[in-house]
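Structure first, commentary second.
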Amino acid sequence: MPSKNAIRIHGRFTLSGWLLVGTGLCLAFSQPAFAQADDDAQELAAIKAQMRRLEAEVQAIEHRHAQRAAQHKLASANNHSSVSQLSRPVKTASNIAPARRAERPPSEAEPHSTLSLPARPTPAPLLQSGPARTELASNAPSAVSPTSGGPLFQWLPSQAGIGKKHGMDLESSSPLAITQTAVDQLPPIFSIGNVSVRIGGFIDFSNIWRSSNMTSGPATAWNNFPYANSPNHGLAEERLSAQLSRFSTLLEANPTKSIRLQAYIETDFGGSAGTTNSVQISGYTPRLRQGYFTFTQKDWGLHILMGQAWSLATNYAKGILPRQEQLPAVTDNNQIPGISFTRVPQIRIGKDWAQKYWLGLSIEDPQATVAFSSPLSSGGTLPAAYGHSAGAKVFYANTGGVLLNPNSEYTYNPSPDIILKGAADTSFGHYEVFGLARWFRSLVEAPGARTTRKETKFGGGVGAGMTLPLGTPKLQLTGNILAGQGIGRYGPSLIPDTTFDGRGELTPVPEMMGALGLIGHPDKSVLLYTYGGIETAGRRRYIGANGAQYGYGVNDLNLGGCDVEFGVCNAQTRTLASFTTGGWWHFLDGHYGSLMGGLQYTYIRKFAFRGNDSEGNSVYPTTSGHTLYVTFRYFPFQQ
């Protein structure tokens, strides 16, 4: 005898039975909601979560029906005494079923004899007014199955019922929502064929204050803080900017269970055209931050990246995977002095063992910076070396050509930069070591010669990085170091890579850079950080025919004017040291997006190589500066 709380359908199945049959057929014949997961365990967990949600819906419907049936039964009992026994219709096979159908609400009417599949759900809007949309975790299954058919383009429904891992995760040592766009932690919005599409980003508004006027946007050129000879020294700068607003798109396909293809593009408005100004319209232009595609073969542990991305020399929070870089959670687009990074085109091949041990090789776009103790452009003549009557003419760069910046110079690059990195993810933290190899080229026309000769010099260095918890997940320590010759390009301060020797050949400048950071999480919605960083350079010089020193790091320059306004100051940077502190507060969150506020302060001190004041006294020029950022960001996709 069936339960009174269930309505028979065709006398055999309950409503819950039909719903379960319909659910099974829907899952069997309709287009899957998600594509292949990173592994089978994650895919199974997502399916189980969906089944639990459907089971809960079935139970809720049965519960509502039971309540309605009880209410109907009570109403019938109350009316029994007022209804004549003679007026009751006789129950026959022909009128029992219609009576039961009449008792049901319209939403629970008896189905037709032929079972039909449920219609495709109506896509939910991105900013829906109902309950907050549940999001997929960053490693959840993609929204498109590799074997699914269907239309070329379709909006995907909201993924309700799957365990939510919010994209605004401030408990990390390098939160993706701040340092990247956290697009991996967002659900797919739509699909193009078998490719799912995720969209991420934020609108940024920053108030920037600097103690010296550097006429810079939201990226500080740390090595350009002026000495006291400049009228900009001590002249405060105030600037408002929305240039750091950032947008990204992540496309993903899974041809098989073990293969994943991804394409990622990220842009902001840090570009500036020749006609751009802030007088009436601040029309700063979009620029390419990152743009690359990746191929992953999980069974082999193989990872391939091609395109523009953060350098493999950058410190990483996990493995050597893109969008997992250990970047400081700062607002300044030039990071902080002491860390190592570039963001350039590259080809990267990586291998992991159980995603605990990693080895990667990256071939990256080269470029060098050149400095000399006196002004020297490409094609200029060096001061004669000791024992010579004339100096060599040197060529080392050309102005930008097609699709390059015609207002910039590009150095001669005989081969790409090569980086080899090994990393380990353990229960005690993440650790990595790497080696960097670089090559520098110049053309030299010797005195009296009519042709040039090519000269190539080798540079590079070794580095290491770490990220580890300090006894509690609420406190983390991160650090990095890089030391070598000709590595200045990899530091935010851009201390020069090379200078010239007496023969006209490029010679790499010795340098070391490093940073140490402490990241705290007093609350899930609050992140606090403190960083200290340093970049320091060594000497590369030769003695000229007149007995003076030339190159980089010379100590016989007349630097007496560095402390006198409008004085002449040719000081060369020896060391930059910085201290940065700040934090973020995620203070508003909902299905309308998220709001976050940040505060960052940096103190920078710059030291020059020793000189003299033309009276035999040693001079050690130094300067300092302060920057302050107050930032607000709206994340419309972080719901």
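The values are calculated or read from the model by the stated rules, or taken from the named source; none is laboratory data. All of these numbers come straight from a predicted model, not from anything done at the bench. Every residue, glycine among them, receives a Cβ derived from its backbone with ideal geometry; neighbour counts consider all protein chains shown. The area values use the complete protein model at the heavy-atom level, side chains included, leaving out ligands, DNA and RNA. Shrake-Rupley method; radii C 1.70, N 1.55, O 1.52, S 1.80 Å.
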Between residue 57 and residue 263, how many nm apart are label points set 7 Å from Cα along the C-beta direction?
3.3 nm
Just for the Cα atoms in segment 394-459, what are the lengths along the principal axes, largest first, rounded to whole Å?
64, 29, 13
Please compute, for the alpha-carbon atoms of segment 291-385, the extent along each of the three principal axes and give them in descending order in Å.
61, 29, 25
Can you give the FRET efficiency for residue 545 and residue 363, using 1/(1 + (r/R0)^6), R0 = 30 Å, r = Cβ-Cβ distance, to the nearest 0.05?
0.10
P(r) for segment 453-603: what percent of alpha-carbon pairs falls in each 5 Å bin, starting at zero?
2, 8, 12, 13, 14, 12, 11, 8, 7, 6, 4, 2, 1, 0, 0
In range of the label at residue 343: residues from segment 299-320 whose backbone nitrogen is under 11 Å from the point 7 Å along Cα→Cβ:
309-311
Pairs over 27 Å Cα to Cα, from 393/421; 257/356; 298/474; 351/454; 393/457, come to 393/421; 298/474; 351/454
Nearest 20 debye, what's the magnitude of the dipole of segment 317-380 about its Cα centre given +1 on Lys and Arg Cβ and -1 on Asp and Glu Cβ?
280 debye
How high is the FRET efficiency between residue 377 and residue 564 when r is their beta carbon distance and R₀ equals 30 Å, given to the nearest 0.05?
0.65
So, in nm, how far is label residue 603 from label residue 615 when the simple model puts each one 7 Å beyond its Cα toward the Cβ?
3.2 nm
How much length is gained if the chain between residue 386 and residue 351 is pulled fully straight, taking 0.36 nm per residue apart and subtracting their Cα-Cα distance, in nm to one decimal?
7.4 nm
Residue among 635, 607, 624 farthest towards the positive dipole end of segment 545-639, charges placed on Cβ:
635
When only the heavy atoms of the protein chains count and the probe is 1.4 Å, how do 451, 296 rank by accessible area, highest first?
451, 296
So how do 634, 592, 396 rank on accessible area, 1.4 Å probe, biggest first, that is with the largest at the start?
592, 634, 396
What's the center-to-center distance, using Cα atoms, between segment 300-361 and segment 202-270 in Å?
19 Å
Round to the nearest 10 and report in Å² the accessible area of residue 55, as given by a 1.4 Å probe over the protein chains' heavy atoms.
100 Å²
Evaluate E = 1/(1 + (r/R0)^6) for residue 240 and residue 555, where r is the Cβ-Cβ distance and R0 equals 51 Å; express this FRET efficiency to the nearest 0.05.
0.75
Could you order 153, 458, 440 by accessible surface area, starting with the largest, using a probe radius of 1.4 Å?
458, 153, 440
What list of ³J(HN,Hα) values in whole Hz, one per residue of segment 517-524 in order, does the Karplus curve 6.51 cos²θ - 1.76 cosθ + 1.60 (θ = phi - 60°) give from phi, with Gly and Pro shown as x?
x, 10, 10, x, 10, x, 8, 4
